[in-house]
Amino acid sequence: MPGADKYSQPFYDLAHVQAYQKHLAHTLDRARQTTDPKMRKALLNFLVVGAGTCGVEVSCKLADYLDAQARVYGLDRQEMEIHLIDRNERILRGVAHRLEPIALDALRRRRVNLVLDWGVTKVTPEGVEIRCDKQGTLKQVAAATITWTGGIEMHPLLTALPVEKDAHGRIRITQQLEVPGQRGVYALGDATHFPTDDGHGLPATAQVAVRQSEIAAWNIRADIEGWMKLPYIYIGLGEMLTLGIGEAGADAFGMCIGGTLGAAMRRAVYLTKLPTMGLKVRVGGTWTGEIAKSLLATGERAVDAVRQAAAQAQTNQAA
């Protein structure tokens, strides 16, 4: 997308996160100091482009982060607006779609505005240009923070390879993960287009790439030893996504679970993936403490709500 690489904040690795935090601190500091209403509105307007898993996660975490930072910088949280923009009509399209109701509830409670079926056509130093209807009407939206979690281009190394690719530049592979016409060459993960009945390929998630690696390794050795090659068979193990601090959604074992329990399930799964027992114990202890605090805070909010309801009932009865 024109301008996305220059004027938006990417969110794909630790360096991006560190740069993102610095950008937010600088932006909030400028908003605190400015007296220009138009500039202040742009500084406190946060756009997240792409309503897939990453976009939903970033929006929820950003909302929780701004809740805390508003107090630090002496700003009114009500002035801060977060808009999650996607050219599709629904969030989580194609990935984790069973978690959509849970994610929508988390976004609503955090006052994240959904701007769906509107496509970003350009990113500028002042904000974004958006196509807002089927007739192609363009609208300019001013914002100092544009977070890009939408589509990305393939790596130049892949685009230069003389192999068959799909419309998105992904390398086409066989069910044995071999590149057609390139004997002994295997490819896997989200850089590839695996043949599926619907023609869309497989989700670009880690669980697909990790399990494909085992089949690729077997088939490479099969080439050497003269064994029979194995096809890769995709079986979805479920999806998980974070939905703010201490909250997550988990689609596993035929169940969709949200809230603190979803966060506990998500962390339990990730805990099994850590490499050593010592690391599992250290991280598990930290996570258990955080979940306990989250449960305690949830209980306190529930008690407060009951007390307020009881007080209101007494007031109404007295009246």
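The values are calculated or read from the model by the stated rules, or taken from the named source; none is laboratory data. Small disclaimer: the values here were computed from a predicted structure and weren't measured. FYI the Cβ positions are ideal-geometry reconstructions off the backbone, even for glycines, and counts take in every protein chain you see. We work out accessible area using only protein heavy atoms, side chains counted, and drop any ligands, DNA or RNA first. Shrake-Rupley method; radii C 1.70, N 1.55, O 1.52, S 1.80 Å.
What fraction of the Cα pairs in the stretch 194-275, stated in percent, has a spacing above 17 angstrom?
Working: 2010 of 3321 pairs.
Beyond 17 Å sits 61 percent of the P(r) for the stretch 194-275.
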Pull out a ≥ b ≥ c, the square roots of the eigenvalues of the alpha-carbon gyration tensor of the stretch 59-154, then state rounded if a/c is under 1.5, prolate if not and a/b is larger than b/c, and oblate in the remaining case. oblate
Give a residue-ordered list of calculated ³J(HN,Hα) values for the stretch 233-245 (Karplus: 6.51 cos²θ - 1.76 cosθ + 1.60, θ = phi - 60°; whole Hz; x for Gly, Pro). 10, 7, 10, x, 8, x, 9, 9, 8, 7, 10, x, 6
Given the options ILE171, ILE146, ILE235, which has the most mean-square fluctuation in a GNM of the chain, springs set between C-alpha atoms less than 10 angstrom apart? ILE235
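In whole percent, how big is the carbon plus sulfur part of the accessible area of the chain, probe 1.4 Å, protein atoms only? All intermediate terms of the calculation are to be shown ahead of the outcome.
Values: 10810 of 18830 Å².
That share works out to 57 percent.
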Hey, how much of the P(r) for the chain falls beyond 34 Å, as a percent of Cα pairs? 37 percent
Taking amide H atoms as placed 1.01 Å from N in the peptide plane, list the residues 5 or more away in sequence, or in a different chain, whose amide H sits under 5 Å from that of ILE173. HIS193
Excluding ligands, DNA and RNA, what is the solvent-accessible area per residue of the chain at a probe of 1.4 Å, expressed in Å²? 59 Å²
For LEU279 and ASP223, what is the calculated FRET efficiency with R₀ set at 35 Å and r taken between the beta-carbons, to the nearest 0.05? 0.50
Order of exposure, largest accessible area first, which applies to MET228, MET39 with probe 1.4 Å: MET228, MET39
If you fit an axis through the alpha-carbon atoms of helix 100-109 and take the longest principal axis of the Cα set of the chain, what angle between them do you get, 0 to 90°, nearest 10? 30 degrees
List, in order, the whole-Hz ³J(HN,Hα) value for each residue of the stretch 91-99 obtained from phi through the Karplus relation with A = 6.51, B = -1.76, C = 1.60 and θ = phi - 60°; use x for Gly and Pro. 7, 6, 5, x, 9, 6, 5, 5, 8
How large is the convex hull of the C-alpha atoms of the stretch 1-92 per residue, in Å³? 117 Å³
Radius of gyration and Dmax over the Cα atoms of the stretch 207-249, both given in Å: 16.4, 52
Out of residues 5 or more away from GLY127 or on other chains, whose amide H comes under 5 Å of its own, with H placed 1.01 Å from N in the peptide plane? ALA143
³J(HN,Hα) computed for each position of the stretch 58-65 - Karplus, 6.51 cos²θ - 1.76 cosθ + 1.60, integer Hz, glycine/proline x: 5, 4, 5, 5, 4, 4, 5, 5
For the pair ASP67/THR272, report the inter-label distance in nm, with labels modelled 7 Å from Cα in the Cβ direction. 3.0 nm
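Helix-only mean residue ellipticity at 222 nm, the chain, DSSP H runs n ≥ 4 weighted -39,500 (n - 2.57), per residue, nearest 500. What is it? Before the final figure, lay out the partial values.
Values: 9 runs with 143 residues, N = 319.
Counting only the DSSP helices, I get -15000 deg cm²/dmol.
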Kindly sort ASP190, ASP29 by accessible area of their heavy atoms, largest first, with the probe set to 1.4 Å. ASP190, ASP29
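For the stretch 110-165, what does the alpha-carbon gyration tensor say about shape, rounded, prolate or oblate, given a ≥ b ≥ c as the root eigenvalues, a/c under 1.5 as rounded, and a/b over b/c as prolate? List each step's numbers first, then the result.
Working: a/c = 2.31, a/b = 1.94, b/c = 1.19.
Prolate, since a/c reaches 1.5 and a/b exceeds b/c.
Starting from the Cα gyration tensor of the stretch 225-319, take the square roots of the eigenvalues, sort them a ≥ b ≥ c, and report rounded, prolate or oblate (rounded when a/c is under 1.5, otherwise prolate if a/b is larger than b/c, else oblate).
Values: a/c = 6.64, a/b = 2.34, b/c = 2.84.
Judged from the Cα gyration tensor, the stretch 225-319 comes out oblate (a/c at least 1.5, b/c at or above a/b).
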Please determine, in degrees from 0 to 90 and to the nearest 10, the orientation of helix 277-318 with respect to the longest principal axis defined by the Cα atoms of the chain, where the helix direction is its Cα long axis. 40 degrees
Counting sequence-distant residues (5 or more places) and residues on other chains, those with an amide H built under 5 Å from that of GLY52 are LEU92
Starting from the Cα-Cα distance between GLU89 and ASP166, subtract it from 0.36 nm times their residue separation and give me the gain in nm to one decimal. 25.3 nm
Alpha carbons only, please: Rg and Dmax for the stretch 94-219, in angstrom. 19.1, 53
Using a 1.4 angstrom probe and counting only protein chains, how large is the accessible area of HIS200 in Å², to 10? 130 Å²
